[in-house]
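Report on the structure given below.
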Amino acid sequence: VPGAFIFLAPALGILVALILFPLVYSFWTSLNYIFYTQSRFVGLDNYVELLTSAFFWGNTVYLTCIFVAVCVTAELLIGFGLAMLANREVRGIRLLSTLLVLPMMFPQVSVAYTWRYLFVWGIINHFLNMVGIPDVTWIGTDPTLSMLSLMIVEIWQWTPLAFLILLTGLRGVPQDILEAVKIDGASAWATFRYIILPLMKRIVLVVVLLRTMDAFKVFDIVYVLTAGGPGVSTDIFSYDVYRKGFLAFNYGTAAAESYILIIILSVLVLLFYRVMKED
Amino acid sequence: VAILVIYLLIVLFPFFWGVLTSLKTNAEIFANRFGIIFAPTLQNFYSAFGPDYNYGRAAENSLIIASGTTVCAIAMASPAAYALARFNFRSRKNIMNWVISLRMMPPIAIVIPIFLMFSSLNLVNTYAGVILAYLTFSLPFAVWLLQGFMVDLPRELEEAAYLDGCSRYSAFRKIILPVSVPGIVVTALFVFLFCWNEFLFAVVLTRGMMNTIPVVVGKAITPYRIEWGAVFVMTILSVLPIFVVFYVLQRHIVRGMTMGAVK
């Protein structure tokens, strides 16, 4: 239909100019060694250098995977638990669920600064002291604790999304099935394991895939809370690219690294299509 | 329910603490860290609008950029969404898959080439530059979400219009657009929200007086200056419009955040 093209042209034109063209440009950049104003064609050297670098695998990729795995698992478990609790008709539960969702609507930068204040300016330690735990230096000296701080912020902000999606899913589970099993005398666990979980499979997958994609891209909170430190102990993927590109002006390596990130995320998006198609 | 309430308290505590801190003087933030009782002050509020941060200007920048992006995104996305929802053509599926795959595009991968391109086109530090950059994530989002809304419209609407002799274009303009207004509003608010909160493109593409709110908030915490009160005043002010958006969007959040994978 020629008419379709006219309707699509403006949007596709912009997308090609602003995404496809930059990606091609970025691919070209990734084939060059660029430092300040010097630039020289080096072919796939940037990729080879990255993919054979112990730092890239042992630090950047490793840290990102740990971060993503911990955050997504925690968000899914907490979110599911809360959704099960909220899935009932009690007065005020709607308002409660709505308030729970607030964190994800806020700018990540503000959320990150707020938490930095809570971590660094002692109120969290103040609470810990009250229950007899000595002061903890959350950010800046201990690699594990710094990473944990990032995870806490990410989980705090995005559990609401998991909660909300899962709650929508749970509300869609037909009540008559649940009542029928109840009459048959199924235990709560058996109901959950054999009725609710299978029905929720697709929703759970959507949550896991969406959150994995977004957690892989995390940047703002790293920038604000740890700037990749102490040392390089929280140098997660996007921040590492930023550091190489905008702090070290090593655009070639940064572009190559960002391409690797795109490839990882493309795999996830292919899985996402699959899930969408089951609809 | 008790567990939910406890969780809610954990969720709300940072807000509460931020509001409290925003009303303390800087001296008090240092000296009386955990105090709940103190003389509230508007000092931080004035300093946020002062020359150090220029919050007023930043809010203006954010508003212009976010609304500009929203208008552009909706204007281009609604015809595209209509075509993808209603017309049958060979590459339809491919285009739709491509559009949704842009959802995963890491901004960090786009920001480097965009920065290099915009530098040579003199688009760095201009409203137009930031708006164009924001279209990279808001346009695919808008196309996809609107497409979902338009698929749900009854086909009889246009069929009646065609019988009355409307062309595709006038059917779109006179029939589809008006009945899509609720979907368009929801989409527009989402786009506005994403742009309002965006940080990476803003920090790379804007300087000084062109900074948007999220970038300006960061200026209060640097190696040379630590003013938590100002951070929280600016955060609170920037979050107020979000409450309005959130109120309208409540029922649509799941749909928006999952690109329609869960309705």
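The values are calculated or read from the model by the stated rules, or taken from the named source; none is laboratory data. From a predicted model like this one, the values you see are computed outputs, not experimental measurements. In this analysis, Cβ positions are derived from the backbone assuming ideal geometry, glycine residues included, and neighbour counts consider all displayed protein chains. Side chains are part of the model used for accessible areas, which takes the heavy atoms of the whole protein and leaves out ligands, DNA and RNA. Shrake-Rupley method; radii C 1.70, N 1.55, O 1.52, S 1.80 Å.
Run the numbers for B:Tyr46 and B:Phe87: contour at 0.36 nm per residue of separation, minus the present Cα-Cα distance, in nm.
9.2 nm
Let me make sure I get this right: for chain A, a, b and c are the square roots of the gyration tensor eigenvalues over alpha carbons, sorted descending. Under 1.5 in a/c it's rounded, otherwise prolate if a/b > b/c, else oblate. Which is it?
Oblate shape, in that a/c is at least 1.5 and b/c is the bigger or equal ratio.
Taking 0.36 nm per residue of sequence separation and removing the Cα-Cα distance, the B:Tyr169/B:Arg225 pair yields an extension gain of 14.5 nm. By accessible area, using a 1.4 Å probe on protein heavy atoms only, segment A:163-223 has 63% of its surface on carbon and sulfur.
Relative to the longest principal axis of the Cα atoms of chain B, the long axis of helix B:107-120 lies at roughly 90 degrees.
Between amide H atoms placed 1.01 Å from N, distances below 5 Å from A:Asn32 occur with A:Val42, all of them 5 or more places distant or on a separate chain.
Under the simplified labelling scheme, the A:Thr191-B:Trp98 pair shows an inter-label distance of 4.9 nm, with each label point 7 Å from Cα along Cα→Cβ.
Here B:Val71 and A:Ile6 are evaluated by their C-beta separation; at R0 = 22 Å the FRET efficiency comes out at 0.60. By definition, a body whose alpha carbon gyration tensor gives a ≥ b ≥ c is prolate when a/c is 1.5 or more and a/b is larger than b/c, and segment B:39-121 fits this prolate description.
Legend: residue pairs B:Lys93/B:Lys174; B:Lys24/B:Lys219; A:Lys217/B:Lys93, Cα-Cα distance threshold 25 Å; pairs beyond threshold, B:Lys93/B:Lys174; A:Lys217/B:Lys93. Separation of segment A:100-146 and segment B:108-165, taken as the distance between their Cα centroids, equals 37 angstrom. The distance from the alpha carbon centre of segment B:37-54 to that of segment A:1-21 is 47 Å, rounded to a whole number.
Take the accessible area of B alone and of A alone, subtract that of the pair with a 1.4 Å probe, and the total buried over both chains is about 8100 Å². Solvent exposure of segment B:1-151 amounts to 40 Å² per residue of accessible area, where only protein heavy atoms count and the probe is 1.4 Å.
Largest first, the extents of the alpha carbon coordinates of the protein assembly as shown on the three principal axes equal 76, 74, 50 Å.
Could you list log10 I(q)/I(0) for segment A:50-149 at q = 0.12 Å⁻¹, which the Debye formula gives when each Cα is one point scatterer? Log10 I(q)/I(0), no solvent term: -0.65. Convex hull volume of the Cα atoms of segment A:211-254, normalised per residue: 72 Å³. Please work out the FRET efficiency for the pair B:Tyr162 and B:Val244, using the Cβ-Cβ distance as r and a Förster radius of 51 Å; give the result to the nearest 0.05. Using R0 = 51 Å, I get an efficiency of 0.85. With N the number of residues in segment A:170-279, Rg(Cα) / (2.2 N^0.38 Å) evaluates to 1.63.
Ignoring lysines fewer than eight residues from A:Lys182 along the same chain, the ones with Cα atoms less than 30 angstrom from its Cα are A:Lys201, B:Lys263. Annotation for B:Ser120 and A:Ser53: the two label points, set 7 Å from Cα along the Cα-Cβ direction, are 2.5 nm apart.
Within segment A:120-158, which residues have the backbone N less than 11 Å from the label spot 7 Å out from A:Ser233 along Cα→beta-carbon, could you tell me? Of the residues in segment A:120-158, A:137-149 have backbone N under 11 Å from the label point off A:Ser233. The calculated FRET efficiency for the pair B:Asn26 and A:Leu31, based on their C-beta separation and a Förster distance of 51 Å, comes to about 0.50.
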